[in-house]
Structure formats: C-alpha cells, structure tokens
Amino acid sequence: MTIVEEYRALKRQPRNSAEGLETFRGKKPVVVIVSDLAREAGREQERLILRDRRRLEEANLAVVRVHDGKVTPIFGAGSGLRPKIVRAQLDANSVVDFCVALVSKEGEVLFRSAKPTDSDLLFAFLE
C-alpha cells in the first residue's frame, strides 16, 4: 500500500457532538463569551446579557463563557462542553482578548463582536 493509499484510507475521527455547540442544535440558541485576556470585558458582557433573565427564559437562550481552558455554563446550559471544540467552531482557536458570539439553534453564527454588546441587540437577531 502506497502512502497515498494509506492517507486516503485514514478517516477523520468524528467529534463527540455532546462536547461542542451541537449540544444546542435544534434546541436553543446560545451566546458564547470568550474572554481570555480581557476579563473585564467578559464580566461586562455577562452583566449586560444577564440583566434580563426573563427575556433569556422566553428566548430559551443558553449562555456560556470560555476562558482559562474551560467552558462555564452561565445560564440555561449544562456542563461538559470542551473549550477546544467550542473555540474551533467559532474560529477562536488562538488566544483572543474578547469575543461574544450568538449562535442560532440551527448552528449558524448570527452575530459576533470583539466588544461587549447590549442584550437588546442580541435579542433582535433572534426575532
């Protein structure tokens, strides 16, 4: 068997869908806050999005934070997400100062920003 044939025979290992944003697919949209270096921006984004919990519940929205090599559920999300997989899905593989992304329940990134964003704008994308 040639090296080319060996390469073609290799199959890419499927990712466990329970470890990434696929967990929410078909169920609920999710806000992902990535705050590696800009911790204050991460806290500000959490404050902005969590100030209206009623709207979060009505929108059935999950909120998670990715930092320090882990994913922390903030609202409406379970644990068990892997940070490397979530980062790869959002193209945030390298260390980023700050990023907030809104992902639809279909898995499409509806909004992404490098600055803390008011919750009204995020909810507008869901309507």
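All of the numbers you see were taken from the coordinates with simple rules; none came from a lab. Everything numeric here is computed off the predicted structure, so don't read it as measured data. Don't worry about glycine lacking a Cβ; one is built from the backbone with ideal geometry, like all the others, and counts go over all protein chains shown.
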GLU40 to THR2: extension gain in nm, 0.36 nm per residue of separation minus the Cα-Cα distance? 8.3 nm
When Lys and Arg each count +1 and Asp and Glu each count -1, what net charge do the other residues less than 9 Å away from ASN60, Cβ to Cβ, add up to? +1
